[in-house]
Structures are given as structure tokens and as C-alpha cells.
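**Student:** Below you'll find the structure I mean.
The values are calculated or read from the model by the stated rules, or taken from the named source; none is laboratory data. The structure presented is a predicted model; accordingly, all values stated were derived computationally and were not measured. Quick reminder, even Gly has a Cβ in these numbers, built from the backbone with ideal geometry, and neighbours come from all protein chains shown.
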Number of protein chains: 2
Amino acid sequence: MSVTAAQGFTAAGIAAGIKENGNPDLALVVNTGPRRAAAGVFTANRVKAAPVLWSEQVLKSGQVSAVVLNSGGANACTGPKGFQDAHATAEKAAEVLGRGAIEVAVCSTGLIGLLLPMDKLLPGVETAAAQLSEHGGEKAAIAIKTTDTVHKTSVVAKDGWTVGGMAKGAGMLAPGLATMLVVLTTDADLENDVLDKALRAATRTTFDRVDSDGCMSTNDTVLLLASGAAGVTPGYEEFAEAVRQVCDDLGQQLIRDAEGASKDIKVEVINAATEDDAVEVGRSIARNNLLKCAIHGEDPNWGRVLSAIGTTRAAFEPDRLNVAINGVWVCKNGGVGEDRDKVDMRYREVHVVADLAAGSETATIWTNDLTADYVHENSAYSS
Amino acid sequence: MSVTAAQGFTAAGIAAGIKENGNPDLALVVNTGPRRAAAGVFTANRVKAAPVLWSEQVLKSGQVSAVVLNSGGANACTGPKGFQDAHATAEKAAEVLGRGAIEVAVCSTGLIGLLLPMDKLLPGVETAAAQLSEHGGEKAAIAIKTTDTVHKTSVVAKDGWTVGGMAKGAGMLAPGLATMLVVLTTDADLENDVLDKALRAATRTTFDRVDSDGCMSTNDTVLLLASGAAGVTPGYEEFAEAVRQVCDDLGQQLIRDAEGASKDIKVEVINAATEDDAVEVGRSIARNNLLKCAIHGEDPNWGRVLSAIGTTRAAFEPDRLNVAINGVWVCKNGGVGEDRDKVDMRYREVHVVADLAAGSETATIWTNDLTADYVHENSAYSS
């Protein structure tokens, strides 16, 4: 399934030796056409990794024939040599596949500040190319894992066409976009501008609203490739919704696999004056370390929700705020509401609703709790 | 010492029974004059606790005769009843001291969303008033502790006049201001406007640049009271510097006692285009959970510094950024610099320098590492 669920794509995932532990670390996704349309969304971080800078150029060229992805090294903050390495990776794939290098996107993930072992990566591209298969999507998804405990794939099959995809990401997850690499594929027959519109609309309300730890990566990339192999051109709305569903599903999988997390937290802001207000408030709540600790301890500490709301510029009156945790309105009109002992927080998913009583707009941000395991995983070794 | 180091002040700290464990929980600080000038700075959180709303009114009245402070409950998000309670506390102190209620500031700290036990607090005010002493500063500082492991006091004695103070704060420490209550006193003979100018100048570069966990409180208050008892009017610059020194010292004590911390981190941003840029970058670095975990693990992970810088709007070019950790320039020109193995991180203080190479402005933000103990302390019980 994964990136090979749609017709017109082959993929492979191999162990090239980039990771010292010998785990799979190189994936190759190839669009066999007939069309090679594509769209991409990249990290908003101003410190961008070399493969991001390269792939942005590739997207401008108008078509994407292949994507090379490696784990085991982010190739970020690696200077001119890092950019040359990203370029050389594309050149190698282009040579093996008989395409132009400017049609080959490159994605990397891993530790920042290390040059990639090109003596292993380039032969790895050849090995991966030799193993390309219409059933290779699963292996590709496995090869891009870093601290992920599971690989993530998703497929929406429609009438005669399909959108599928794979994602990696477990830490440094924050909007614009989460530390993650995502490749989506479709066999629908669509132009670049339609792909771009649908992809931006989808990521804006899915990946951009997944905020595990407030830390924005240097390498985030989401690519959408269209082969046209199904020979079907769906209507925009139907296609955009399918892309959104796959993005939403992959985003949820990222949160569920967030480093050290024991709770998945859905922060829903309602009755905001504007959608921007709702997103700002949702993000402020989702990034509040004290609240994330409280939820870890199964403590419905709504005071920490209010103190997070209070740091924003959103329209609200403090004495009209309401907060529900798992369905119990523990804060009403800015003060004590229903009995907090009624809140049952034993389950993994926790639902926080913040009612701003200032309008009718809404937004949902997903995050997770802050745990000792998160601290351990991010302090015990470099990642 | 503490708030009674300056002449013209008495103080007391007692156990009124607000805290269930019987620890001291009520402090009273009285300005015995002859002057009762004052200035105050309050939390920038838009969700303000009742005592903050009350004390803001008191400061507008022009003079402050006394401050009642309690731990064991924040009286935040407590609605009209909470405000009435803050007012009743001031009324009681005014009655006992023979002053007007509008001259009595009130500060509270503890759990948000609980009404204070007024049946214990009001008799406590009488008890504290009976114990007022020119040597009571230490006891007052002890009575305002919550999760603080030590009480915090500071004194700067100048030629014929003194500035002293006390502070509490250990968590929910973030700019504008940290979760903290601070009372500063001086026997210098100064007008309100001079006190206000000196206090705002001091807090802007001290408490406002202490950021333990990015969480802004509903109760932060810093008060500066002047008795004029020394009969000396120092020059503005000398006075402002003394206030700054006391604020800086107390701010450092807050960071050193931050919940669960094992490292104190000095984030120094240099060569910024503007001071605002330097502060924004410093705060972004100081709030990066991944970096804070890395420093906990004694890992000089400069990539996380760059990814934090990249999320700001500050002026910089990615390939001109330099980062030093404990004196070793581990990142030069946006890439790998000196050998990271040279970085010695065994000691409690860690010094991160981020060189933006974009100007000549600088700012320093203090924070601490993120530890499993922080998670435990903020998840195991409500605070």
C-alpha cells in the first residue's frame, strides 16, 4: 500500500549503511507516469536543510519523477558540501532511472549538522533502484523511520483512482510543518496547480495543526505526486477531500507515535472570533508544558488552560471563558464549573475544549502529554 | 534582611492554615513611612488573578502602606467572589493597621481556580499584624514559598540607603513576568514616578528575561515600596542600578530553584540587528524543549539551537550563524564548527552563545533544562 497503492508508482526501501545499526535507511519512490505532476510544501523554518533547498528547486521545474529519502542524517546545517551532496544524490538517481536530476526530489531526516556518508548513500541509490516494485511502498515507509516506533501509511481508494502515502515523524513535531517527511501519490490525472491547491488546503488543517513539542524542524517536506495512470480526473472538491483524509490520518499516526507520549490530546477551540484566533489559542494551549504535564498526571488542571489562553492576542473576555475536559465543563465563565472529580482521564485520548465565547470559528490542534520518557528519549542521545 | 533591610519597614510571616500541611502561608509587609511611595509591575497574562486586579487599583491610588501575600491558593479564575475576597483581605489589613484599604496591595500564589479559605486567611492577617517586626523579612520570605525549595531574598546597601527584597517562584516562570511574587523595599526618599521608571527598567532586563518553562502566570506581581526613612534621595541612575541588581539577583535565584532543573542555562544572543531581535531569538532558544532535553543530557546539540533560531523573524542569514556552547564554537557559518567533544557540560551552569552576525545588539535570557523531575513535579499533583 503506502505510496504504491496508486497506479503508476514503484518504490523500494533498503539498508544502505547510513545508520550505524544496519536498519533500513534509504527509500526510493518513482513515478512511472504517464504524467509526472507534483506539488510540495516545505518547512517554514528559515534554517532549511540542503535537501529542502534542492527539492524546492525541483518543484519549480514542474515535474517530479522520483524522490530519494534517507534516514540516519538530516543533511541540515552542512553548508555548500551538504547542498552538493543533495544534488549528487539526485544526479545518481537520475542516472540510474534515465531521467533528469532536476526531476528528482531529495528528503533527509536524522541528526542536524552531520554530512551524509555519500560513499554508502550513492551505491544505496543503485541498490534501491534495482529493487523498485509496485509493492515496495511498505518497505519505503519502513526505511524512512528514525525514532518512529512504527511506520506510517494511509490510503483512500475512490471510484477508479486512489490517494496513498507514507510519513515519518516522532519528535520535533510542530506546525509549518512537523518534523516529518511525507510522500503522497495519486494516479488521478491532474495538473500541478490543482495538486498544489489541494495539498496546501490539506496540510493547513492537518499537519500544520499537529504540534507535539513546539519544535519546528529544518527538514519537513510533504510531496504529492500524480501519475495520471488511472486515466481519471476527479473533481477538485472530491480530490482535495481525499488528500485531506490521507493527511489527517497520517497526522494522527504521527501524534500517536510521538516520542514518550502516553496521552494524545485533542485541543478544540470553539466560538472564536476568527479562525486565526482559534489556531493561536489552540497552539498556546497545546504548547503549555505545565498543562501537558498535568494531563500526563491525569489532572484536569483547567487553570493551566486559562493561563495559556491569557497569553494570546485572541478576542475574548476572561470572565466568559469555558473549558471542558473529556466532556466535563470544569471551567465556566472564567471560574470554577462542574466538579473536576467527574473527569475521567484514564484513556489515552484526552479532549480539551476551550470556548472563547467570542464568535463562531473553530480549530483543532493535536498534541500529546509531556513525559519523563520524552525527556529521556531526547537527552540520552543525539537525535 | 529581605524586605526589612531598608529602614521604615516591618514584616511578618505566619502559618494561617491556608496550606493543608501547616507550613507558613501568610506574609505581611508594612511601610511605616514617613513616605509611602510605590510602583508595581504585573503579569502580562490577560487572565489576571483577583489580587492582581485589586493591586492594580491600589497602585493607581498613589501610595501603598502594606502588602498582604499568601501562598496556598492563587485566587485566580475565581470570579466576583474571588475579587471580593481580595478586597476583604485588604480591608482586614487596613482595619488592623489603621490605614485605608485602598493602600493595601494583595498578592496570592498557588493553585488556580480555588477560592481562598477566608475563615483562615482573615484571622491570619490579625495574627501577622501582631507579629510585625523590623526583623520579620526572612519569615515573610518563607511564608510565600510554594514549590520553592528555598526562600529568596536580596539586599543592596548603598551610602545611607538600601534596596532589599524577597521573591517566590519555581515554576510557570516566563516573561511578562515569571510566576512569582516579588516585594522590593527601599528607604530612599523617592517619588512614585521615579520608582516606576526604575522598576520597569529593571524588570525589563531581569525578571522578563527569566524563562524557565515558557508558561506565563496569572498572578505575577513585582512591587517596589519606598519609605523615605533614610532621608536620602539618591540620583536616578544609582538608584535604578541598585534596583536592577536586586532584581537580577532574585531572578537568578528563581532560575536556580526552578522545578526539577539540573542545569541553569544562560542564552546569550550577540550581534543582533536590534535588541528586540536578540530577545526574540533568545526566548525561542530558551523555550526549545528538545534543546533543553539535550542540555539535560549534556549533549552540545547545536542543531537544535539553529532550528530554534530559524523559527524567528529576526534578521540573520542561515549561513552566517555561529553558536558556542561553554566556550566552544561548535557551529560556524551555519555548519559544523569546532569539535563538539571539546565541550565540557559537567557543571550546573551552561552558556549558549548565538551569534546572529547581523548587528551589534545583545540580550541574555536565562532558562533551565527540561528534566524528568520537572515532569514528575508538574504531573504528580495539582499546582
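**Student:** From the list A:Arg304, A:Arg287, A:Arg244, exactly one residue is among the basic types (Lys, Arg), at pLDDT 90 or above and either more than 20 Å from B:Arg287 (Cβ to Cβ) or not assigned by TED's automatic domain parsing to the domain that holds A:Thr185 (or both). Which is it?
**Tutor:** On the way: A:Arg304 fails: at pLDDT 90 or above; A:Arg287 fails: at pLDDT 90 or above.
A:Arg244 is the lone residue from the list that is among the basic types (Lys, Arg), at pLDDT 90 or above and either more than 20 Å from B:Arg287 (Cβ to Cβ) or not assigned by TED's automatic domain parsing to the domain that holds A:Thr185 (or both).
**Student:** Do we have A:Asn70 as within 21 Å of the chain's Cα centre (by Cα) and within 14 Å of chain B (Cβ to nearest Cβ) here? Walk me through it before giving the result.
**Tutor:** Details: within 21 Å of the chain's Cα centre (by Cα): yes; within 14 Å of chain B (Cβ to nearest Cβ): no.
In short, no.
**Student:** OK, next. Pick from A:Lys60, A:Lys81: which is modelled with pLDDT under 95, of a type in the set (D, E, K, R), surrounded by fewer than 18 Cβ atoms within 10 Å (Cβ to Cβ) and over 28 Å from A:Asp193 (Cα atoms)?
**Tutor:** On the way: A:Lys60 fails: over 28 Å from A:Asp193 (Cα atoms).
From the options A:Lys60, A:Lys81, the qualifying one is A:Lys81.
**Student:** Please enumerate the residues belonging to the stretch B:230-247 that are touching a residue at least 24 places away in the same chain (Cβ under 8 Å) and not in a helix (DSSP H, G or I). Spell out how you get there, then give the answer.
**Tutor:** Within the stretch B:230-247, the subset touching a residue at least 24 places away in the same chain (Cβ under 8 Å) is B:230-234, B:236, B:238-240, B:242-247.
Scanning the stretch B:230-247 gives B:Ala230, B:Gly231, B:Val232, B:Thr233, B:Pro234.
**Student:** So for the stretch B:364-378 (the condition being more than 21 Å from B:Leu290 (Cα to Cα) and facing another protein chain (nearest Cβ under 8 Å)), does at least one residue qualify? Before the answer, list the steps.
**Tutor:** Restricting attention to the stretch B:364-378, the residues satisfying the condition of being more than 21 Å from B:Leu290 (Cα to Cα) are none.
No: the stretch B:364-378 contains no residue that is more than 21 Å from B:Leu290 (Cα to Cα) and facing another protein chain (nearest Cβ under 8 Å).
**Student:** If you scan the stretch B:248-270, which residues turn out to be over 12 Å from B:Glu349 (Cβ atoms) and in a loop (DSSP other than H, G, I, E, B)?
**Tutor:** Residues satisfying the conditions are B:Asp257, B:Ala258, B:Glu259, B:Gly260.
**Student:** Give me the residue from the stretch A:271-297 that is assigned to a loop (DSSP other than H, G, I, E, B) and in contact (Cβ under 8 Å) with a residue 24 or more places away in the chain and, out of that set, nearest to the other protein chains (Cβ to nearest Cβ).
**Tutor:** Going through the stretch A:271-297, the residues assigned to a loop (DSSP other than H, G, I, E, B) turn out to be A:273-274, A:287-288, A:297.
Imposing the further condition that a residue be in contact (Cβ under 8 Å) with a residue 24 or more places away in the chain reduces the set to A:273-274, A:287.
Values: A:Ala273: 14, A:Thr274: 17, A:Arg287: 7 Å.
For the stretch A:271-297, the residue satisfying everything is A:Arg287.
**Student:** For the stretch B:97-116, what are the residues that are more than 26 Å from the chain's Cα centre (by Cα) and crowded, with 18+ Cβ neighbours inside 10 Å?
**Tutor:** Pass one, the stretch B:97-116, residues more than 26 Å from the chain's Cα centre (by Cα): B:97-100.
Within the stretch B:97-116, B:Leu97, B:Arg99 meet the criteria.
**Student:** If I filter the stretch A:35-57 down to residues being at pLDDT below 90 and part of a loop (DSSP other than H, G, I, E, B), which single residue comes out as surrounded by the most Cβ atoms within 10 Å (Cβ to Cβ)?
**Tutor:** Restricting to residues being at pLDDT below 90 and part of a loop (DSSP other than H, G, I, E, B), the top hit is A:Ala49.
**Student:** Which of the strands (runs of 3 or more DSSP E) contained wholly in the stretch B:302-362 include at least 3 residues that are in contact with a strand residue (DSSP E or B) (Cβ under 9 Å, 6 or more places away or on another chain) and surrounded by 21 or more Cβ atoms within 10 Å (Cβ to Cβ)?
**Tutor:** Values: elements: B:322-325, B:328-332, B:349-355.
So the answer is B:322-325, B:349-355.
**Student:** Yes or no: B:Val106 free of Cβ contacts under 8 Å to residues at least 40 places away in the same chain, among the β-branched types (Val, Ile, Thr) and more than 14 Å from every other protein chain (Cβ to nearest Cβ)?
**Tutor:** Details: free of Cβ contacts under 8 Å to residues at least 40 places away in the same chain: no; among the β-branched types (Val, Ile, Thr): yes; more than 14 Å from every other protein chain (Cβ to nearest Cβ): yes.
No: the conditions fail for B:Val106.
**Student:** For the structure I just gave you, tell me whether B:Leu321 is more than 27 Å from B:Thr203 (Cβ to Cβ) and either touching a Leu at 6+ places or on another chain (Cβ under 7 Å) or acidic (Asp, Glu) (or both). Please lay out each step first, then the result.
**Tutor:** On the way: more than 27 Å from B:Thr203 (Cβ to Cβ): yes; either touching a Leu at 6+ places or on another chain (Cβ under 7 Å) or acidic (Asp, Glu) (or both): yes.
It is true that B:Leu321 is more than 27 Å from B:Thr203 (Cβ to Cβ) and either touching a Leu at 6+ places or on another chain (Cβ under 7 Å) or acidic (Asp, Glu) (or both).
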